[in-house]
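For reference, the structure discussed in these notes is given below.
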Amino acid sequence: MPYRLKAGIDDYVTLDSLGRNRWGDYSATVVDPINDTDFWTIQEYAAVPESLPGTNHLDGNWGTWWARVNPPVPGNDQFTNAFEKAGGKVVAKVLYASGQPSYRRELEQISRAHPQAYVYTSYGQDAIVLNREAWELGLNKTPWYGMYLTMAVEGSPAQYTNGQVGMEVAGIDQKTSGGHGVNYAELYQKKFHEKPRSVYGSYAWDSVMLAAAAIDKAHSADPAAMIAAMKTVAPGFTGITGTLNLDADNQRMSQPYLKVKAFNGVPVPR
C-alpha cells in the first residue's frame with residue numbers, strides 16, 4: 001500500500017560527476033520497538049531549489065521527513081478485530097521464537113507500551129520461561145490473560161502464575177458419555193495417574209466417540225460407510241467439548257469455553 005508522507009515542493013535536478021540525478025541516499029525504515037507493528041521511516045523530498053553561487057542557475061535541493069506509519073489491522077487478525085470492536089485497544093504485539101532460553105528482551109519490549117493487561121498463548125518450556133521471567137520483572141503485577149490456561153501454567157511454580165485468568169475449552173469438567181457420570185478429568189487421572197496437562201485431550205476423546213457413533217450408525221467400520229454415516233451423526237453430536245453445531249461446510253460454528261483462573265498452579269472455575 002503506497003503512502004505519501006510529504007509532497008515534493010519543486011523539481012529536483014542535481015547531476016553528479018557521472019551525470020546521474022541521484023536520489024534516495026538518505027532513507028531508512030525501522031519497525032517500532034514498542035508495538036512491533038507500526039514502523040518509522042525517514043525519506044527524502046524535493047525541497048526549494050537553491051541558486052548556485054555566482055550564477056543564475058537553480059540547483060535541485062532535498063530535505064528529509066520523518067513519519068510514523070500505522071498499517072491497518074489485517075482482516076485475519078481475529079483477536080485484534082474482535083477486541084477493538086468490543087471497545088478495547090491493542091497497544092503492542094510481540095512474536096517470539098519458540099525454544100529460546102530467555103524471553104526477557106521480548107517481555108521488556110512489550111512492557112514499554114504500559115498495557116493494562118497482557119494476553120498470551122504459550123505452552124511447555126516456553127510458557128515456564130515466560131512466566132518465570134515475567135514474575136522476575138514484576139510484570140505479574142499487571143493482569144495476565146492466558147488463552148488455554150491449562151497448558152499456559154502447566155509446569156510453572158504457582159508463585160509465577162497465581163492470579164492469571166483465562167479461558168479453556170469446555171471439556172475438563174464435563175460429563176463423559178461413556179463414563180457413567182464421571183467427568184473427563186477424573187477418568188483421565190484414574191487412567192494415567194496424573195491430571196490432564198491440556199484440555200486438548202478432550203478433543204481426542206470427542207473424536208474417538210464421534211467415530212464410534214458413526215460406526216454404530218453405519219453398522220460397519222468401512223471408511224466409505226463411516227463417512228456417509230458421519231454426515232448424519234456429526235451435525236448434532238454432543239461431546240465433552242460441547243455440541244459440534246456444524247455449518248454447511250462442516251465447520252464448527254461455535255465453541256463453548258470455560259472462564260478459569262490460576263490458583264495454586266491449577267486452573268479453577270471463576
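Consider the stretch 188-213 and keep the residues that are aliphatic (A, V, I, L, M) and part of a helix (DSSP H, G or I). The one that is surrounded by the most Cβ atoms within 10 Å (Cβ to Cβ) is 213.
Contact annotation: residue pairs with Cβ atoms under 7 Å, 6 or more positions apart or on different chains, pairing a residue in the stretch 99-112 that is among the aromatic types (Phe, Trp, Tyr) with a partner that is part of a loop (DSSP other than H, G, I, E, B), are 103/96. Against the definition (farther than 20 Å from residue 183 by Cα and of a type in the set (D, E, K, R)), how does residue 259 come out, yes or no? The answer is no for residue 259.
Filter the stretch 224-264 down to residues that are aromatic (Phe, Trp, Tyr) and outside any loop (DSSP other than H, G, I, E, B) and give me whichever is farthest from the chain's Cα centre (by Cα). Among those that are aromatic (Phe, Trp, Tyr) and outside any loop (DSSP other than H, G, I, E, B), it is 263.
Mind telling me which of the residues 44, 84 ends up being closer than 20 Å to residue 143 by Cα, modelled with pLDDT of 85 or more and either assigned to a strand (DSSP E or B) or out of contact with any strand residue (DSSP E or B) (no Cβ under 8 Å at 6 or more places or on another chain) (or both)?
Values: 44 fails: closer than 20 Å to residue 143 by Cα.
After applying the criteria, what remains is 84.
The values are calculated or read from the model by the stated rules, or taken from the named source; none is laboratory data. Nothing here was measured: the structure is a model prediction, and the numbers come from that model. Because the Cβ atoms are built from the backbone with ideal geometry, glycine has one as well, and the counts that use them run over all protein chains shown.
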